[in-house]
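Asks: What follows is a structure written as structure tokens; I'll ask about it next.
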Amino acid sequence: MSTTGRDLTRRLRLLLALGAATTFVLFLAYRGVHDDTVPLSSSSTPGILAVDTARSAMRKAHGVVGDSGPEGDKSGEFQTQISVAHQSLALAASENVTGLEGRQDLQTITGLIAVYSGWVERWGQEPDNSPLRAAYLFYAEQALGLQAGPGSDADIMSRLDALRGRQLDEAGQQAAFPWQLWLGWSTVAVLYVALCAALFETQRYLRRRFRRPVQVRLLAATVVCAVGVPLLAWVTVAAHDAMTDSVAGIRVPKDDPDDIPRVAEQVQDAMTHAGLWASLSDWVLVGGAVVMALTAWGLWPRIAEYRFRAPR
């Protein structure tokens, strides 16, 4: 009695099980990396650079104070830098990198900048020989963080540094490749090898059993599997490298305002294809469905021949 029908059915079930498992694990592993590519490039990095811009603007504003005070020709520059700081903090708030805690910190920092500006304004209104002039400048520098005091850990620059540190931690987590992802991609590799081996073995069985050199549909399924998984793995490696390089580029605070747009452009160039990379996760499911459909399409006609053949 022929066992061909049973052998073909067993192979079909194995291939479909391996195809479904490979597709599911690959989808999760791929999403585990690429779900963070767009947030890193479009939110975390701009948020961190916005904080750097605010830090730089506050330093430049106080540099104007140190030169001659926000009086006359210098008044416009001082107000410009304060406005830049406010706009940068508003941008950082809109990026919402660290959630509610970050927004509350930004509100506090905005209030401290108003306090700092108030002390500087009072300082500028005092005559040069006024004893209050030095006191107002001291209070302004204390609010900014240039003078130590009882609340020195709650001044503008300290809070900006702390906020930046939390933002950087979030960006680091987005660019990380933890053990869960290593496990996921290792599982993908094992399932991928098993699926390709099963497809090749089924091709050999069909060629030996039915004397046909190639089963076109199974060959198409094999090509989709053999090409698709390595391509997605290569895209993932490229994306992870770009994310790692981006975080490395923003790790050190940028005090020079000219460095900030340069770093932003470098990150943008590195993460240009972040949206495309992320969108490919949907094609993982499509590709897996295609492989399983081609496999079933290739084997089922042969199985049907034996399934419905009358016993002799």
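The values are calculated or read from the model by the stated rules, or taken from the named source; none is laboratory data. Being a predicted model, the structure only gives us computed values, none of them experimental. Note that each Cβ is placed from the backbone with ideal geometry, even for glycine, and that neighbours are counted across all protein chains shown. Accessible surface areas use protein heavy atoms only, side chains included; no ligands, DNA or RNA. Shrake-Rupley method; radii C 1.70, N 1.55, O 1.52, S 1.80 Å.
Asks: Is there a residue being open to solvent by 60 Å² or more (accessible area, probe 1.4 Å) and part of a helix (DSSP H, G or I) anywhere in the range 251-258?
Replies: Scanning the range 251-258 turns up no residue that is open to solvent by 60 Å² or more (accessible area, probe 1.4 Å) and part of a helix (DSSP H, G or I).
Asks: Given the conditions (1) crowded, with 16+ Cβ neighbours inside 10 Å; (2) of a type in the set (D, E, K, R); (3) free of Cβ contacts under 8 Å to residues at least 12 places away in the same chain, report the number of the one that ARG164 does not fulfil.
Replies: Single failed check for ARG164: (3).
Asks: OK, next. Looking at the range 97-116, which of the residues that are polar (S, T, N, Q) and in contact (Cβ under 8 Å) with a residue 24 or more places away in the chain is surrounded by the most Cβ atoms within 10 Å (Cβ to Cβ)?
Replies: Step by step, filter the range 97-116, then rank; the result is THR98.
Asks: Output the residues belonging to the range 173-208 that are free of Cβ contacts under 8 Å to residues at least 24 places away in the same chain and either among the hydroxyl-bearing types (Ser, Thr, Tyr) or under 30 Å from GLU141 (Cβ atoms) (or both).
Replies: Correct list: SER186 only.
Asks: Against the conditions (1) free of Cβ contacts under 8 Å to residues at least 40 places away in the same chain; (2) open to solvent by 50 Å² or more (accessible area, probe 1.4 Å), where does GLU170 fall short? Just the number, please.
Replies: Exception for GLU170: condition (1).
Asks: Just wondering, is there one or more residues in the range 164-187 that are more than 30 Å from ALA270 (Cα to Cα), of a type in the set (Ser, Thr, Tyr) and either in contact with a Lys or Arg (Cβ under 7 Å, 6 or more places away or on another chain) or modelled with pLDDT of 90 or more (or both)?
Replies: Looking for residues that are more than 30 Å from ALA270 (Cα to Cα), of a type in the set (Ser, Thr, Tyr) and either in contact with a Lys or Arg (Cβ under 7 Å, 6 or more places away or on another chain) or modelled with pLDDT of 90 or more (or both), one finds none in the range 164-187, hence no.
Asks: Okay, next question. Out of all the residues in the range 1-35, which are open to solvent by 10 Å² or more (accessible area, probe 1.4 Å), farther than 30 Å from MET271 by Cβ, touching a residue at least 12 places away in the same chain (Cβ under 8 Å) and of a type in the set (S, T, N, Q)?
Replies: SER2, THR9
Asks: Also, I was wondering about something else. Considering (1) of a type in the set (S, T, N, Q); (2) over 30 Å from GLN174 (Cα atoms); (3) in a helix (DSSP H, G or I); (4) open to solvent by 40 Å² or more (accessible area, probe 1.4 Å), say which one ASN129 fails and leave the rest.
Replies: It fails just one condition, (3).
Asks: When you scan the range 205-217, do you find a residue that is modelled with pLDDT of 85 or more, over 25 Å from SER42 (Cα atoms) and not charged (D, E, K, R), even just one?
Replies: yes
Asks: Could you please give the count of residues in the range 221-242 that are among the small types (Gly, Ala, Ser) and surrounded by fewer than 17 Cβ atoms within 10 Å (Cβ to Cβ)?
Replies: Residues flagged as among the small types (Gly, Ala, Ser) and surrounded by fewer than 17 Cβ atoms within 10 Å (Cβ to Cβ) within the range 221-242 amount to 2.
Asks: Could you list, in sequence order, all residues of the range 229-264 that are over 19 Å from the mean Cα position of the chain (by Cα) and free of Cβ contacts under 8 Å to residues at least 60 places away in the same chain?
Replies: PRO230, LEU231, ASP258, ASP259, PRO261, ARG262 - these are the residues of the range 229-264 that are over 19 Å from the mean Cα position of the chain (by Cα) and free of Cβ contacts under 8 Å to residues at least 60 places away in the same chain.
Asks: One residue is enough: does the range 163-175 have a residue meeting the conditions farther than 30 Å from LEU28 by Cα and in a helix (DSSP H, G or I)?
Replies: Yes, some residue in the range 163-175 is farther than 30 Å from LEU28 by Cα and in a helix (DSSP H, G or I).
Asks: While we're looking at this one, here's another question. Are any of the residues in the range 260-283 open to solvent by 60 Å² or more (accessible area, probe 1.4 Å), at negative phi and outside any helix (DSSP H, G or I)?
Replies: Within the range 260-283, one or more residues are open to solvent by 60 Å² or more (accessible area, probe 1.4 Å), at negative phi and outside any helix (DSSP H, G or I).
Asks: Among the listed residues VAL120, VAL193, VAL216, identify the single one that is over 30 Å from ARG31 (Cα atoms), open to solvent by 80 Å² or more (accessible area, probe 1.4 Å) and β-branched (Val, Ile, Thr).
Replies: Just a single option satisfies the conditions, and that option is VAL216.
Asks: While we're on this one: Taking LEU195 as the residue in question, decide whether it is closer than 30 Å to TRP300 by Cβ and part of a helix (DSSP H, G or I).
Replies: yes
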